[in-house]
Structure formats: structure tokens, C-alpha cells
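Working notes, structure below.
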Amino acid sequence: MSRPDLKKGRTNQKLRTRKALIEAAARLVAAGRPVAIPEVADEAKVSRATAYRYFPNPDALLLETELHQLVITPEAMFPDASGEPGQRAARVMEHLHRLTADREPAFRQFMRGVMDRWLTQEGKVDSPLRGGRRMALLEAALAPGDEALTPAARERLILVLAMMVGQETYFAGRDVCQMSPEEIRSALAWAIDALVRASLAESPTQRL
């Protein structure tokens, strides 16, 4: 295994651990049991030290669990292959932005927690700060156009889209651009569709 592949494998493992902790917390909530980090660690079958490394306090874990349960699964968002890739990618943004607009205080609190953790550890974070749920949604959004992109072009497109579809652009639109949620979604839907179309147009497979 090459060094980049090894690094990616470790990152994926950390994301799986993070997801396991969140899902364990969700099960405790559903069962009406208190959510404390030691109990969540036991439920997820990971060490307590590991659990504290991902979530220093139960408040951060509870907020993340609540937000996790709000995000639709890729299978539910894209039950079939219908729709243009750009429009499908824009649907991911619209879903995430509507969630953010409906629960803006909770999402701002979540982002504050992320920033606080980074600052507390002086940028030396050894576990993922974020869950990356948008990545799976974007993978599913672009699945019907897979054959038109090289693996490298597809990865680049997904990474750029990931920077466009989340709450970060919502907050920039609200705080910096003074736009309404509807104006933000409209502008980003146009930009996302244009980006995907341009990526497909420049793909070598499209020129064969």
C-alpha cells in the first residue's frame, strides 16, 4: 500500500470510529438512557480514551448526534439515477442549507464547538473535526456521471463541491453577503450546476 493510500485508509478508519460513537449515542438517546462519554464508548465498543479524543464532552456529542440524525441518507436522496449530475449535486446543497436555515442557532453552536476544539488543541487534531456526511451524498449525486470523469477529475470535483454545499457557504452568504437563504440557494445552485457541467465538458472521455 502506498503512503497516500495508507493515510487515506487511516482517515477512513477514524471517520468510521467517529460515526460509531455518534450512532452509539443515538441508540442511548432512543433508549432513554443518559449520554455520557464512558457509556457511549462502551456502547460503541471503543476505548474511553478514544471516545474522549473525538468528543471531549457529552454536549458536543449530543449536538453532533442531533445534527447527524437530520441529514438524509444518500439512498433516500437519490433512489434512482434520474436527473442531471449538476442538478443532483445542487440538491445536496439545498438539503443541507435548508437544515441550516431551519436550525441556525444549533448549527452555529456546532461550528463554534469545532473551532473551540481546534483552538484548544492548537491545530494539532488527531481525529476528524467533522463527520463529512456531505461526501457520501455527493458521491451518490455524481454516480450517474461516473463514466464521463477520470478518477482524479471526479475526486477533485467532489472536493470542490464539498466546500460549496455545506453550512460554511450559508454563513458566508448570510454574514458577509447579507443574502436571504433563498438567494443563497439560488446562487449556489447556479454555481454548482455550472461547475459540474464545466468539469464534464473538459473530461478527456467526453472528447473521445
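When the chain is fully extended, how far beyond the present Cα-Cα distance does GLU155 get from ALA201, taking 0.36 nm per residue of separation?
The span from GLU155 to ALA201 would gain 15.0 nm if fully extended.
Out of residues 5 or more away from MET179 or on other chains, whose amide H comes under 5 Å of its own, with H placed 1.01 Å from N in the peptide plane?
Those lying under 5 Å, H to H, from MET179 are ARG174.
With a Förster radius of 22 Å, plug the Cβ-Cβ distance of ARG27 and ASP102 into 1/(1 + (r/R0)^6) and report the FRET value to the nearest 0.05.
Efficiency computed from Cβ-Cβ geometry: 0.35.
Please state the charge dipole magnitude for the chain, taken about the Cα centre, from unit charges on C-beta atoms (+1 on K and R, -1 on D and E), reported in debye and rounded to the nearest 20.
700
Only Cα pairs under 8 Å and at least 6 apart count here; give the relative contact order of region 71-208 as a rounded whole percent.
40
At q = 0.09, 0.16, 0.17 Å⁻¹, what log₁₀ I(q)/I(0) does the chain have when each alpha carbon counts as one equal point scatterer in the Debye sum?
Once normalised to I(0) and log-transformed, intensities are -0.41, -1.18, -1.27.
Name the residue from ALA81, ASN57, LEU70 whose Cα lies farthest towards the positive end of the charge dipole of region 19-85, charges +1 on Cβ of Lys and Arg and -1 on Cβ of Asp and Glu.
Toward the positive end, the furthest listed residue is ASN57.
Which of the aspartates and glutamates could a cross-linker bridge to LYS19, judged by Cα under 17 Å and excluding same-chain residues fewer than eight apart?
Correct list for LYS19: GLU39, ASP42, GLU43, ASP59, GLU64, GLU66, ASP126.
To make sure I understand, if each residue's beta carbon is the centre and we count other beta carbons within 10 Å, what order do VAL40, VAL114, VAL165 fall in, fewest to most?
If I rank by nearby Cβ atoms, fewest first, I get VAL114, VAL165, VAL40.
Find the centroid of the Cα atoms in region 17-34 and in region 91-155, then give the distance between the two in whole Å.
With region 17-34 and region 91-155 each reduced to a Cα centre, they are spaced 21 Å.
In terms of Cα to Cα distance under 15 Å, which aspartates and glutamates are near enough to LYS124, apart from those fewer than 8 places away along the same chain?
ASP116
Read-outs: derived from the displayed coordinates by stated rules, not from any lab. None of these values were measured; they are calculated from a predicted model. Heads up, the Cβs are rebuilt from the backbone with ideal geometry, glycines too, and the neighbour counts pull from every protein chain shown.
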